[in-house]
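Bear in mind that the values in this text are calculations on the coordinates, not laboratory data. All values reported here derive from a predicted model rather than from experimental measurement. Here Cβ is always computed from backbone atoms with ideal geometry, including for glycine, and neighbour counts include all displayed protein chains.
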Amino acid sequence: MYYSQAPCPTGTISYTIQSGDTFYAIARAYNISLDVLLAANPGVNPDRLMVGQRICIPISTPPSTGCPVGTVPYTIRAGDTFYSIATTNNIPLDALLTANPGVNPDRLMVGQVICVPRNTPPPTTACPTLRVGSRGPDVERLQRLLRDNGYDPGPIDGIFGTRTQLAVIAFQRDLNIVADGIVGPRTWTGLGVDCTAPPVPPTPPSPTCPTGTTPHTIVAGDTFYNLAIQYNTTVDAIRRANPNVNPDNLQVGQRICIPVTTPPSPTCPTGTAPHTIELRDSFYNLAIQYNTTVEAIRRANPNVDPQNLIIGQIICIPLP
């Protein structure tokens, strides 16, 4: 269906309604208030949105400031996060945060301009100074060394938090050096690192999930508990599939691996066709998609629980 609409006014952008959209969800996605969105669309009934309909989204664009030497400007787009921008530009998240001290990474606005550090060679020291708030592969290396020396830094997640700081202080006290929780050459040397040697570039994590799992990109509100329900698995199974992921510090845009149990494939009888269950499938949605009825799908799958569909499961859909 075609919806005729005048161009959106200055200060707004056009948005096409998709299945499942609500004004509340759109307002959250674009970091604006529901009242502002309603005011920008006075002729639109928010309770009767239609797929393909166009609305106008108000955009608040902070003034752009010149980016310092060594960085380049980047304009925020819908769906961007600091994590995804850092990954795309192959830079540490900590470097992106440092380059934008006045930017709240949890309140990015479409059209906002931030500064992205240029990708530079790895540091020339094998013993960088680390403290609370540091992130990245050097922190992960520190955490592994502390654990190997009998100190508990908490999860091996590359994030220098309170537990890592306490482990550093305990190690420094036992080494009889200043116990300030800041990791410098003396602490690295005590952990067995040769600070005169060039650093070994970190090995990037494998971008693929192993057999028997499927990738999932973290979105706002995700927890291991919610994902276990969503994918019909268990929290413990997700933990085992992601041994280096801290479930208490999931980041939007981060990718994890979800265990998937695929039931044996049934042979569909004549007059039906196989369908592999995907995320958010339901008998109701499939009945609409295949132009059939929920009752017909139930009769074709007498041993399938419609309230417990499993991603990867194959069911039989009656042909019209």
Which far-off residues, 5 or more places away or on another chain, put their amide H under 5 Å from the one on GLN112, with H placed in the peptide plane?
ILE76
Global geometry of the range 213-259, whether rounded, prolate or oblate, following the gyration tensor of its Cα atoms and the 1.5 cut on a/c
rounded
When the convex hull of the C-alpha atoms of the range 256-320 is computed, what volume per residue in Å³ does it have?
84 Å³
The chain, relative contact order [Cα under 8 Å, separation at least 6], %:
12 percent
Please give the contour-minus-distance gain from LEU279 to GLN18: 0.36 nm per residue of separation, less the Cα-Cα distance, rounded to one decimal in nm.
92.3 nm
Roughly speaking, what is the stretch gain from ARG186 to SER33, that is 0.36 nm per residue apart minus the C-alpha to C-alpha distance, in nm to one decimal?
50.0 nm
Under a Cβ-Cβ cut-off of 12 Å, what is the net charge of the residues other than GLY253 that fall near it, where Lys and Arg count +1 and Asp and Glu count -1?
-1
Cα gyration tensor shape for the range 137-190, rounded if a/c is under 1.5, else prolate or oblate:
prolate
Of the peptides 72-79, 84-91, how do they stack up when ordered by the mean number of other Cβ atoms within 10 Å, highest first?
84-91, 72-79
Want the number for VAL69 to ARG173: 0.36 nm per residue separation, take away the alpha-carbon distance, what's left?
33.4 nm
Applying the gyration tensor rule to the Cα atoms of the chain (axes a ≥ b ≥ c; rounded if a/c under 1.5, else prolate if a/b exceeds b/c, else oblate), the class is oblate
Take each of the peptides 210-217, 167-174, 50-57, average the number of other beta-carbon atoms within 10 Å over its residues, and list them starting from the highest.
167-174, 50-57, 210-217
The answer for THR213, listing residues at least 5 apart or on another chain whose modeled amide H is closer than 5 Å to its amide H, is VAL260
Can you compute the charge dipole magnitude of the chain about its Cα centre, using +1 on each Lys and Arg Cβ and -1 on each Asp and Glu Cβ, nothing else charged? Give it in debye, rounded to the nearest 20.
240 debye
